[in-house]
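Participant: Structure provided below as structure tokens; questions to follow.
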Amino acid sequence: MNSTTVRNLLVRGMLAGLGAGVLALIVAYVLGEPNVNSAIGFEEAHAAHSHGDEAELVSRGVQSTAGLATGVLVYGIAFGGIAALAYCFALGRVGRFGPRATALLLSGCALLTVYVVPFLKYPANPPAVGDPDTIGKRTALYFLMMLFSVLLAVAATLLGKRLAPRIGAWYATVAAVLGFAVVTGLAYAFLPAISEVPEHFPAALLWRFRLSALGMQLTLWAGFGLLFGELAQRLLRPEPAASARAVPAGS
């Protein structure tokens, strides 16, 4: 794959990430923001007894509109570019998949390794959940889990490719997936757990917030896979120009 094709795919990946970010933004605003508002209300009601009113640096209205849009769209563009570069490496190396199928496969793997695996160990929490003094520790553990998941996915893929000529593609895939699951389970067991949910925080609200966060990521990566797959397909395998079939008049 030459540099021009890589550059074109990179641009298309960022555009697809922007489009997927718009879809994720809608999900975040419609499903996520009501839960965030409820969590903030819970936090304010309990903080008022001990800390009193505090000055608000950025208004809630700006946070839920411009701030949310900026964060989600920049995230989509950045990860779209990174995913496009990973796509350039993966195309033709992970099986006999076409451009669209490879894009969807890559998006699914990215969703699993970058978000779902770390999420199951360290799930997203709304405002009022978590000790401000441990935010550095929690962030470091989350990114450590994310890095471990990505590296483990790469190792499992390489293992599957090495085993395929010996035991067949099916059994090699099963062995790679089982290896990924077992080692991930060991990481879950040995990495420290973090449980900082306040005693009286509504369990239903926490559940809805985490589902909305998961739905946002699912929308982002599914949208990216579909959009980028179509753009990559048109670039790498353009449809041949339709030949003129009109019968000349008078023939």
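The values are calculated or read from the model by the stated rules, or taken from the named source; none is laboratory data. Fair warning: this is a prediction, and the values are worked out from it, not measured in the lab. For neighbour counting, all protein chains shown are included, and Cβ atoms are generated from backbone atoms with ideal geometry for every residue, glycine included. When the accessible area is computed, the model is the full protein with side chains, heavy atoms only, and any ligands, DNA or RNA have been set aside. Shrake-Rupley method; radii C 1.70, N 1.55, O 1.52, S 1.80 Å.
Participant: Looking only at Pro132, Pro202, Pro192, which one moves most when the chain is put into a Gaussian network model with springs between Cα atoms under 10 Å?
Facilitator: Pro132
Participant: OK, next. Assuming a viscosity of 0.890 mPa s and a temperature of 25 °C, what translational diffusion coefficient in µm² per second does Stokes-Einstein assign to the stretch 139-192, Rh being the Kirkwood radius over Cα pairs?
Facilitator: My calculation gives 209 µm²/s for D.
Participant: Running a GNM on the chain with Cα contacts under 10 Å, which residue among Ala84, Ala110, Ala169 ends up with the highest mean-square fluctuation?
Facilitator: Between Ala84, Ala110, Ala169, it is Ala169 that shows the largest mean-square fluctuation.
Participant: Dipole size in debye (nearest 20) for the chain around its Cα centre, Lys and Arg Cβ +1, Asp and Glu Cβ -1?
Facilitator: Approximately 1800 debye in magnitude.
Participant: Which one of Leu227, Ala175, Val36 is farthest out on the positive end of the charge dipole of the chain, using unit charges on Cβ (Lys, Arg +1; Asp, Glu -1) and the Cα centre as origin?
Facilitator: Ala175
Participant: While we're on this one: Starting from the Cα of Ala66, step 7 Å along the direction of its Cβ; do the same at Val6; then give the gap between the two resulting points in nm.
Facilitator: It works out to 3.8 nm between the two label points.
Participant: Here's another thing I want to ask about it. How big, on average over all directions, is the shadow cast by the Cα convex hull of the chain, in nm²?
Facilitator: 20.9 nm²
Participant: Restricting everything to alpha-carbon atoms, can you work out Rg to Rh for the stretch 115-207 with a Kirkwood hydrodynamic radius?
Facilitator: Rg/Rh for the stretch 115-207 comes to 1.13.
Participant: Val154 to Thr173: extension gain in nm, 0.36 nm per residue of separation minus the Cα-Cα distance? Show your work: numbers first, answer last.
Facilitator: Values: separation 19, 0.36 × 19 = 6.84 nm, distance 1.30 nm.
This chain segment gains 5.5 nm when fully extended.
Participant: Given the -39500 (n - 2.57) contribution per DSSP H run of 4+ residues, what per-residue ellipticity at 222 nm results for the chain, rounded to the nearest 500 deg cm²/dmol?
Facilitator: Dividing the helical sum by the residues of the chain leaves -23500 deg cm²/dmol.
Participant: In the stretch 66-170, what percent of the accessible surface is made up of carbon and sulfur (1.4 Å probe, ligands and nucleic acids excluded)?
Facilitator: 74 percent
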